[in-house]
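Student: Here it is, the structure in full.
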């Protein structure tokens, strides 16, 4: 087997040693190949080791091979995690491609025989299947080589559907969401997950001029290569872009897609994220990204700089002049934050909030005239604002921490107290970040939680046997960084139901904080809530369990009962994914999951698994969450439906049928809930 090795100098010896140990391999180095070879049969697989970031030589080289029509079907191994690689560009994948940073002889010896089998069978596919088992590029190539006639239906994990009509190896019509024909086909080539159905048919009517699949594949791959140029200019697709005085790119009205480009240009208003512009574009994802990259290169558009007037305005409330000066120094060093004013007690704070109208308030607890908790209650009732409690009395296990969350604080921090410069700088940076994040929280998320008894006439929920264990009457919740105040609202909202569901929850809080705060929550909302204690145990009827990410756990079924067992971890276990995936396996289509706030990747695979088994997966709107990174990623992946309010999850539990009719019915129910939530 001919193996092309593309690696950085530091990786080459290790790669050579591994491949030499395999035997029967003909090693070709990237230095020996200046470009795509005239005879692609020289190469059977490509192994890329090193920096795959946008603009790197390795990234450009491998993308060039994959997007060339002669070499697009050569399997590739990337020495990097799949999610990390996919963040760096669009990749027209093959099902056999491997993304694994752990490159060793055993793994390579397992992959190469799989490659050989794939090469023999890649032109064959079932009439129904997953796009992960047979990629869009493989399907299109197979249809062309077989000169197939029929209808291909596809749907991605986000619910976007496409229908493609083929006749004798030509595309005769295509529709995918709002896209048509060639643009719909380009979008199809970018699909990395979802499902397809093929139905052979003949004598299909031509609704447009037939297009050779071979030429469409070549043009689509070129469009994908051009689209990846956008990553040279931006890496954060949540950033906003704006137009400049130059409009040279719109001078050529003879361009085939000139009208669509004008519509795309009109979407760039300076306050819309790039991701939303791509989603709303009249053109496919690769075409849109390629055009944006071109406009960046011509300086027709640029990343929108944050103007001074858009900085969040913070009111500092603290009775200590020394601490006020310290906070003033900390905040004025951050271009995202503007100091609106300083108050020295709760009464003054209430007056200045009305006068200065700050975006966010930092609030001490121990103050004269009116203490912090009393002031917090008045703020939430009279003039709701995102409030970050900053006090020496709010360690994570403190009762005041729970009370601050209960009365409506978005976040709670201890005052900076670093004994050396490095610790103080780290605490100051965290304070600035969390205040800036709190300022973005939608005001409705910062409402005072009022204890209320079970609502009269509230919809009853019963699983028929008087048991509130995990089942149709259950809710799986993962609560990331910054989400505890929203988790309280979920429990308080559920307490209004006649028979609240069992809630199994994993949070980003420490185990010590869970042990300290959960009893307060249980006493306050009148629900049976217990902390998860390793190694776990049987889930009692009508009982909710809240655990820490420090102790990953998952539900398992044994002897007719549901047990929560601790997951053995070697540092690689993702606690949220473990809980969600375990729930998906046991509950199947009756699973209901909610994700609240957070950062990173933990939770994405688990939410996707809930959807795959036909369950209902929801994410609280990023606008409500202090940490918006993880909710946004899940929505962009199409793994869940966005809920605009906390009460929407209660509406789902009360309104949706206990017996789902599979993934389609579950997703339809989710979509209808999203409409109700707005």
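The values are calculated or read from the model by the stated rules, or taken from the named source; none is laboratory data. Quick caveat, the model's predicted, so the values are computed rather than measured. Cβ sites come from the backbone with ideal geometry, for glycine too, and all protein chains shown count toward neighbours.
Student: For region 118-136, enumerate the residues that are outside any loop (DSSP other than H, G, I, E, B) and closer than 14 Å to residue 192 by Cα.
Tutor: Within region 118-136, the first condition is being outside any loop (DSSP other than H, G, I, E, B), and the residues that meet it are 118-121, 128-130, 136.
Answer for region 118-136, where residues must be outside any loop (DSSP other than H, G, I, E, B) and closer than 14 Å to residue 192 by Cα: 129, 130, 136.
Student: If I filter region 86-114 down to residues being part of a helix (DSSP H, G or I) and in contact with a helix residue (DSSP H, G or I) (Cβ under 9 Å, 6 or more places away or on another chain), which single residue comes out as modelled with the lowest pLDDT?
Tutor: 105
Student: Still on this structure, I have one more. Only one of these is under 22 Å from residue 491 (Cβ atoms) and in contact with a helix residue (DSSP H, G or I) (Cβ under 9 Å, 6 or more places away or on another chain): 635, 653. Name it.
Tutor: 653
Student: I've got another one for you. Residue check: is residue 115 buried (at least 16 other Cβ atoms within 10 Å of the Cβ), over 27 Å from the mean Cα position of the chain (by Cα) and over 23 Å from residue 193 (Cα atoms)? If you could, list the steps in order and put the result at the bottom.
Tutor: Details: buried (at least 16 other Cβ atoms within 10 Å of the Cβ): yes; over 27 Å from the mean Cα position of the chain (by Cα): yes; over 23 Å from residue 193 (Cα atoms): no.
So residue 115 does not fit the description; no.
Student: Would you confirm, using the coordinates I've provided, whether residue 556 is more than 26 Å from residue 647 (Cα to Cα) and outside any strand (DSSP E or B)?
Tutor: Taking the combined requirement at face value, the residue does not satisfy it.
Student: Pick out the one residue from 108, 139 that is within 30 Å of residue 169 (Cα to Cα) and surrounded by 19 or more Cβ atoms within 10 Å (Cβ to Cβ).
Tutor: Going through 108, 139 in turn, the sole match is 139.
Student: Let me ask something else. Tell me which of these residue 378 doesn't satisfy, since it passes every other one: (1) crowded, with 23+ Cβ neighbours inside 10 Å; (2) at pLDDT 90 or above.
Tutor: Result: residue 378 passes all but (1).
Student: Report, by residue number, each residue of region 419-440 that is in contact (Cβ under 8 Å) with a residue 12 or more places away in the chain and surrounded by fewer than 14 Cβ atoms within 10 Å (Cβ to Cβ).
Tutor: Within region 419-440, 430 is the sole residue that qualifies.
Student: Next question, about the same structure. Identify, please: which residue in region 267-301 is surrounded by fewer than 17 Cβ atoms within 10 Å (Cβ to Cβ) and over 23 Å from the mean Cα position of the chain (by Cα) and is, among those, modelled with the lowest pLDDT? Working first, answer last.
Tutor: Of the residues in region 267-301, the ones surrounded by fewer than 17 Cβ atoms within 10 Å (Cβ to Cβ) are 267, 269-273, 275-276, 279-280, 294, 297-299.
This time we only want the ones that are over 23 Å from the mean Cα position of the chain (by Cα), so: 267, 269-270, 294, 297-299.
On the way: 267: 84, 269: 71, 270: 65, 294: 91, 297: 88, 298: 86, 299: 85.
If we take residues in region 267-301 being surrounded by fewer than 17 Cβ atoms within 10 Å (Cβ to Cβ) and over 23 Å from the mean Cα position of the chain (by Cα), then 270 is modelled with the lowest pLDDT.
Student: Now a separate question. Only one of 456, 477 is within 31 Å of the chain's Cα centre (by Cα) and either modelled with pLDDT of 60 or more or outside the structural domain of residue 597 (by TED's automatic domain parsing) (or both). Can you tell me which?
Tutor: None of the others qualify; the one that does is 477.
Student: A further question on this structure: In region 42-84, which residues are in a helix (DSSP H, G or I) and crowded, with 20+ Cβ neighbours inside 10 Å?
Tutor: Result: 58, 59, 62, 63, 65, 66.
Student: Which ones in region 608-628 are under 30 Å from residue 386 (Cα atoms) and touching a residue at least 60 places away in the same chain (Cβ under 8 Å)?
Tutor: Within region 608-628, 620, 621, 623, 624, 625, 626, 627, 628 qualify.
Student: Scan region 543-562 for residues that are out of contact with any helix residue (DSSP H, G or I) (no Cβ under 9 Å at 6 or more places or on another chain) and surrounded by fewer than 16 Cβ atoms within 10 Å (Cβ to Cβ) and jot them down.
Tutor: 558, 559, 560, 561
Student: So which pairs qualify, if the first residue must be in region 214-236 and farther than 13 Å from residue 189 by Cβ, the second must be surrounded by fewer than 16 Cβ atoms within 10 Å (Cβ to Cβ) and at pLDDT below 90, the Cβ gap must be under 7 Å, and the two must be at least 6 apart or on different chains?
Tutor: The qualifying pairs are 232/55; 234/303.
Student: Just wondering, is there one or more residues in region 357-367 that are at pLDDT below 90, surrounded by fewer than 16 Cβ atoms within 10 Å (Cβ to Cβ) and more than 37 Å from the chain's Cα centre (by Cα)?
Tutor: The answer is yes; a qualifying residue exists.
Student: To continue, here is another question. Just a yes or no: is a residue in region 178-197 part of a loop (DSSP other than H, G, I, E, B), without any contact (Cβ under 8 Å) to a residue 60 or more places away in the chain and on the phi > 0 side of the Ramachandran plot?
Tutor: Initially, region 178-197 is screened for residues part of a loop (DSSP other than H, G, I, E, B), giving 178, 190-194.
Next, from what is left, pick out any that are without any contact (Cβ under 8 Å) to a residue 60 or more places away in the chain: none.
No: zero hits.
Student: From the list 580, 594, which one is in contact (Cβ under 8 Å) with a residue 60 or more places away in the chain and within 23 Å of residue 195 (Cα to Cα)?
Tutor: That would be 580, the only listed residue that is in contact (Cβ under 8 Å) with a residue 60 or more places away in the chain and within 23 Å of residue 195 (Cα to Cα).
Student: Given 139, 143, 204, which one is more than 30 Å from residue 25 (Cα to Cα), assigned to a helix (DSSP H, G or I) and touching a strand residue (DSSP E or B) at 6+ places or on another chain (Cβ under 9 Å)?
Tutor: 143 is the lone residue from the list that is more than 30 Å from residue 25 (Cα to Cα), assigned to a helix (DSSP H, G or I) and touching a strand residue (DSSP E or B) at 6+ places or on another chain (Cβ under 9 Å).
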